[in-house]
Amino acid sequence: MAVLMQLKKAHKSYGEQVLLEGAEATFSEDVKVGFIGRNGAGKSTLLRILLGEEDLDHGEIIRHPELQIGYLRQHDPFLPQETAHDFLIRDSGQPEWKCGEVAGQFELKGDYLNGPVSRLSGGWQTRVKLAALLLHEPNLLLLDEPTNFLDLRTQILLEHFLRNFQQACLIVSHDRAFLAATCSHTLDLARGKLTMYPGKIDAFLVYQREQQQHLVRSNAAIMAKRRDLEEFIAKNKARASTATQARSKTKQLERLELSEIDIDEPTACIRAPLVEARQGPAFRCSDLDIGYPERKIATGITLEIDHGSRAAIVGDNGQGKTTFLRTVVNSLSALSGNVKWGHGCQIGTYAQHVYTSLPENQTVLEYLEINAARNTKPQTILDIAGAMLFRGSHVQKKIGVLSGGERARVCLAGLLLSQYNVLVLDEPGNHLDVDTVEALATALINYKGTVVFTTHDRHFMKRVATCVIEVRDGRVVNYGGGYDAYLYAVNKEIDDGEREQTTRMSKAPAIVPKSTAAVGSSRRDVRTIRKEIATIEKTISRLDDQKKKASVELLATSDASEAMRLHNEVQAVTTQLQEAEERWCQLQAESENA
């Protein structure tokens, strides 16, 4: 197995902050590595060093002569009005057929490939960037938080892509579920040192805990031995008959050394607000329409959440999760209908529109003291501040000088110190490291109040959520089952192509060229178009059933000739089904514009 890149005795620091101190790591071909570490440990800095954008203070990087790095860009590299297909050709220099072939691996086709890329959602634009990456034929992918702000569907597609990618990857992520699904090795950065573990992240975290526990036990035994030796030396060094033994024991004592243990790093110490459990509905939505005067997002919402529930709000980007949350907490007025909270509900909100408007003249500590529940101990406030990475003199920082991520953590810390019995949290784990996210999850599980939250971290959602509410295609539905059941259903829909069909329906009008829509609407009226849509939908349903039946028979048969016949049938039906779905999308666009 060839070594693509090797880091040797690497040192890097910014002033007094040491990020790398003699760090070493080896990256081999075909190995996918999940890169973890606390916030501020230096993960992004190391990526920039590997990319050649920053230099080491000391040490060296050895690169294979044939190393070809692919880096997932966070900024938008697209030109105004450029189509995804045009971007892929321009960015990669590959021929049209090759760009189309790779785009198909990410379900980029039709208007998603040939319409303006600027009108695609963030998740679909990420697909375009991934296709561009693949066209450069890298043998080492560097991905920095690739799941941030991606909808669930695109996260699953990215997982499938990475599992099938036959080259090496180095992936920085706080999403344990994503790393567990994609990476076979784990790289940890702590105290300037890199540790490469030949196993998945969950196994590494278990190994790490066991190692720390072993060192704690070993140090405890050494301390006991030290006490015994010190006691013997004190009693016997003054006696002539035992002085020789005392000197021998002194040499033994000098040889006893304690092992350095990493667990003395500050760890997240989080507790949720201490509130009494309540019974009955926390809130009800009755015939609720949400959105904006110029555009409705969802209509006819009727649902109920009980006290003590931890409701996860899910849905693809752009479907209206944040709009729904803002309407629920009265930050955004409902278009019609109403939201009614139960008696005695005290609601605390964590969202961008909240944490960007914190009082800038207060220090972190002052803000937390003001927002903490009465009689909260000073040490509890400092513990929560420390969990949110405000330690030592950092608690005296003015909020006005904090970054967006730091303000978000201050706001979350204030909520956790409060007496709110309802927490509405929009992406609470976005600015936290793995350990702190885990501690937050545990705190919310033990919380006696009600939690309504959104997150892109599936490990967090799986641990915390007791019910799932989906915002999709203009509807908000309380999903009847836990997160695992919901995830299974989405995976099945992706495999069957059903969700893709629905997504196209909702997005096609925004990216269909106006000239095409105008021609369609001028030729036919809406009633005629809808009749054809109904006919196409019946055709799609029939072809889908036919495909599923043939696929089942293909799996069951042991006859070679029958298997070939069924295989050809599946291929033919698949082609017909794709053509019918494309026509259905065109008709939907035509209907909307008519």
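The values are calculated or read from the model by the stated rules, or taken from the named source; none is laboratory data. Quick caveat, the model's predicted, so the values are computed rather than measured. FYI the Cβ positions are ideal-geometry reconstructions off the backbone, even for glycines, and counts take in every protein chain you see. Just so you know, the surface numbers come from the protein's heavy atoms only, side chains and all, with ligands and any DNA or RNA stripped out. Shrake-Rupley method; radii C 1.70, N 1.55, O 1.52, S 1.80 Å.
A few points about this structure:
- Tilt relative to the chain, helix 243-255 - C-alpha long axis, 0 to 90 degrees, to 10: 20
- Largest-first ordering by accessible area, 1.4 Å probe, given options Arg239, Arg63, Arg472, Arg255: Arg255, Arg239, Arg63, Arg472
- Across the options Leu134, Gln81, Phe178, the greatest Cα extent toward the positive end of the charge dipole of region 28-178 (unit charges at beta carbon of Lys, Arg, Asp, Glu) belongs to Phe178.
- Summed side-chain charge close to His174 - residues other than His174 whose Cβ falls under 9 Å, Lys, Arg +1, Asp, Glu -1: -3
- Residue-span extension gain [His214 to Lys8] - 0.36 nm each, minus C-alpha spacing: 71.3 nm
- Calculated FRET efficiency, Lys193 to Thr535, Cβ-Cβ distance, R0 = 51 Å: about 0.20 to the nearest 0.05.
- Whole-number accessible area per residue in Å² for region 282-401, which is evaluated in the context of all protein chains at 1.4 Å: 50
- Counting only DSSP beta bridges whose two residues both lie in region 1-65, roughly 100 percent are antiparallel.
- Backbone HN-Hα couplings from phi across region 434-447 [Karplus 6.51/-1.76/1.60, Hz, Gly and Pro as x]: 4, 5, 6, 4, 5, 5, 5, 4, 4, 4, 5, 5, 7, 5
- For Ser309, the accessible area of its heavy atoms, probed at 1.4 Å with every protein chain present, is near 20 square angstrom.
- Within the chain: Cβ-based charge dipole about Cα centre, in debye rounded to nearest 20 (Lys, Arg +1; Asp, Glu -1): 1760
- Accessible surface of the chain, 1.4 Å probe, proportion on carbon and sulfur as whole %: 48
- For the cross-link pairs Lys12/Lys462; Lys109/Lys547; Lys32/Lys109; Lys12/Lys398; Lys32/Lys462, the ones whose C-alpha atoms lie over 26 Å apart are Lys12/Lys462; Lys32/Lys109; Lys12/Lys398.
- Pair Arg391, Tyr488: separation of 7 Å Cα→Cβ label points (nm): 4.2
- Rounded if a/c under 1.5, otherwise prolate or oblate - region 273-362, Cα gyration tensor axes: oblate
- The chain: antiparallel DSSP beta bridges as a percent of all, rounded to 5: 55
- Prolate/oblate/rounded label for region 119-221 (Cα gyration tensor, a/c 1.5): prolate
- Over region 60-207, relative contact order from alpha-carbon pairs under 8 Å, at least 6 apart, %: 22
- Ranking Thr442, Thr454 by solvent-accessible area of protein heavy atoms (1.4 Å probe, all protein chains present), from largest to smallest, gives Thr442, Thr454.
- Relative contact order for region 179-317, counting Cα pairs under 8 Å that sit 6 or more residues apart, in percent: 13
- Förster radius 45 Å - calculated FRET efficiency between Asp57 and Lys225 (Cβ-Cβ, nearest 0.05): 0.65
- Measuring nothing but how far apart in sequence close Cα pairs (under 8 Å, 6+ apart) lie, relative to its length, the chain scores a relative contact order of 13 percent.
- A Cβ-based charge dipole, computed about the Cα centre of region 98-176 with Lys and Arg at +1 and Asp and Glu at -1, lands at about 120 debye.
- Cβ-based net charge around Tyr483, under 13 Å, with every Lys or Arg adding one and every Asp or Glu removing one: +1
- Packing-based ranking, highest mean first, of 185-198, 366-379 given that Cβ atoms within 10 Å are counted: 185-198, 366-379
- Rounded to whole numbers, the Karplus 3J(HN,Hα) couplings from phi for region 32-49 are 9, 10, x, 9, 10, x, 5, 4, x, 6, x, 5, 5, 4, 5, 4, 5, 5 Hz, using 6.51 cos²θ - 1.76 cosθ + 1.60 with θ = phi - 60°, and x at Gly and Pro.
- Acute angle (nearest 10 degrees) that the helix 404-416 long axis makes with the longest principal axis of the chain, alpha-carbon atoms: 80
- For region 22-138, with +1 on Lys and Arg beta carbons and -1 on Asp and Glu, the positive-most of Gly122, Asn39, Leu51 along the dipole: Gly122
- Taking the C-alpha atoms only, the angle from helix 514-523 to the longest principal axis of the chain is near 30 degrees.
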